[in-house]
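Structure record follows, encoded as structure tokens.
The values are calculated or read from the model by the stated rules, or taken from the named source; none is laboratory data. The structure presented is a predicted model; accordingly, all values stated were derived computationally and were not measured. Note: ideal-geometry Cβ built from the backbone for every residue, glycine included; neighbour counts use all protein chains shown.
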Ligand code: COA
């Protein structure tokens, strides 16, 4: 793989977008390589948490604008669909994902970060959906995921103005979970990843499913989903381990079965 680098440091997999000279802009190759790298990590039992970040000074400056000159209505639709499917795939992973936002997260870059479960940003990072300034608009899921994260008013403000906001402002409106100085970004992300890696994987997968699917359904359907998943965890060893550990006043060790 050229445009994506993966470092496995069990239980964490670090996925680096690797077109630093183009601020990690998302071209077809990068989208394909990202998806296949993540599909491998989903199967890898040594990996419990996936961190996505960018090589160089940017997290990702969005879809590769140079490709836009070649697109017509049909091929643009196919490109948007490809990007959107990669984002959906990220959201659907059973393992927790963290976007480690080391710099610019713009356009498709912010859409990628929003498809992750959690976002930790460097103080120096800037986030935004500037597509409107190109005569287009977000096409990799941004119109939908942003309203769910920050509400309609803020989402419209970001999309209609195309303005970039600093990480602290993104934290204030709920777009990122945490902001730290760039020098501490990897350390803080690793601590969070290790914390998540100690949790029972089946519970994590089912929480993600209940939250992501429930957010698309009526509350009643979401709650049924929750109840069914709640039953499923009782078929796991980890459920027995968690309860036994509590009753015996010790720390649980979850195996993912
Ligand atoms: N697509 C393709 N190339 C991109 C890109 C993108 N989305 N974003 C940056 N690049 C390229 C630049 O063209 C430049 O390439 P070059 O060295 O061959 O000229 C290189 O990455 C470095 O970017 P540069 O603009 O010189 O860096 P900067 O620090 O001055 O500005 C940004 C950084 C992020 C403000 C600016 O690059 C930018 O506005 N990018 C586009 C963001 C955007 O509109 N994203 C939505 C796309 S739908």
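Would you confirm, using the coordinates I've provided, whether residue 22 is touching a helix residue (DSSP H, G or I) at 6+ places or on another chain (Cβ under 6 Å) and under 18 Å from residue 79 (Cβ atoms)? Please lay out each step first, then the result.
Numbers: touching a helix residue (DSSP H, G or I) at 6+ places or on another chain (Cβ under 6 Å): no; under 18 Å from residue 79 (Cβ atoms): yes.
Criteria not met by residue 22.
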May I ask you to verify whether residue 98 is in a helix (DSSP H, G or I), assigned by TED's automatic domain parsing to the domain that holds residue 183 and either more than 14 Å from the ligand (Cβ to nearest atom) or touching a residue at least 40 places away in the same chain (Cβ under 8 Å) (or both)?
-> no
Total residues in the stretch 58-73, condition more than 7 Å from the ligand (Cβ to nearest atom) and in contact (Cβ under 8 Å) with a residue 40 or more places away in the chain | 4
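Mind telling me which of the residues 111, 169, 131, 124 ends up being without any contact (Cβ under 8 Å) to a residue 60 or more places away in the chain and surrounded by 19 or more Cβ atoms within 10 Å (Cβ to Cβ)?
On the way: 169 fails: surrounded by 19 or more Cβ atoms within 10 Å (Cβ to Cβ); 131 fails: without any contact (Cβ under 8 Å) to a residue 60 or more places away in the chain; 124 fails: surrounded by 19 or more Cβ atoms within 10 Å (Cβ to Cβ).
Checking each option against the conditions leaves just 111.
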Among the residues of the stretch 199-219, is there at least one that is over 25 Å from residue 88 (Cβ atoms) and out of contact with any helix residue (DSSP H, G or I) (no Cβ under 6 Å at 6 or more places or on another chain)?
-> no
Only one of (1) touching a helix residue (DSSP H, G or I) at 6+ places or on another chain (Cβ under 7 Å); (2) at pLDDT 95 or above; (3) over 30 Å from residue 145 (Cα atoms) fails for residue 247. Which number is that?
-> (1)
Find the helices (runs of 4 or more DSSP H) located wholly in the stretch 198-257 whose residues include 1 or more that are touching a residue at least 60 places away in the same chain (Cβ under 8 Å), and list them.
-> 201-214
Does residue 124 satisfy the condition of being away from the ligand (no atom under 16 Å from the Cβ), farther than 18 Å from residue 83 by Cβ and outside the structural domain of residue 215 (by TED's automatic domain parsing)?
-> no
What do you reckon, is residue 226 within 16 Å of the ligand (Cβ to nearest atom) and touching a helix residue (DSSP H, G or I) at 6+ places or on another chain (Cβ under 7 Å)?
-> no
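Please list, ordered by residue number, the strands (runs of 3 or more DSSP E) wholly in the stretch 1-67 having 3 or more residues that are buried (at least 19 other Cβ atoms within 10 Å of the Cβ). Outline the logic, then answer.
On the way: elements: 4-9, 12-17, 49-54, 58-60.
Passing ranges, in order: 12-17, 49-54, 58-60.
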Quick one: in the stretch 137-185, of everything that is more than 23 Å from residue 53 (Cβ to Cβ) and assigned to a loop (DSSP other than H, G, I, E, B), which residue is farthest from the ligand (Cβ to nearest atom)?
-> 151
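Table: residues versus (1) touching a helix residue (DSSP H, G or I) at 6+ places or on another chain (Cβ under 9 Å); (2) within 27 Å of residue 177 (Cβ to Cβ); (3) more than 16 Å from the ligand (Cβ to nearest atom).
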position	(1), (2), (3)
86	yes, yes, no
105	yes, yes, no
112	yes, yes, no
117	yes, yes, yes
134	yes, no, no
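Specify which of the listed residues (149, 118) is in the same structural domain as residue 168 (by TED's automatic domain parsing) and touching a strand residue (DSSP E or B) at 6+ places or on another chain (Cβ under 6 Å). Steps first, answer last, please.
Values: 149 fails: touching a strand residue (DSSP E or B) at 6+ places or on another chain (Cβ under 6 Å).
Being in the same structural domain as residue 168 (by TED's automatic domain parsing) and touching a strand residue (DSSP E or B) at 6+ places or on another chain (Cβ under 6 Å) holds for just one of 149, 118, which is 118.
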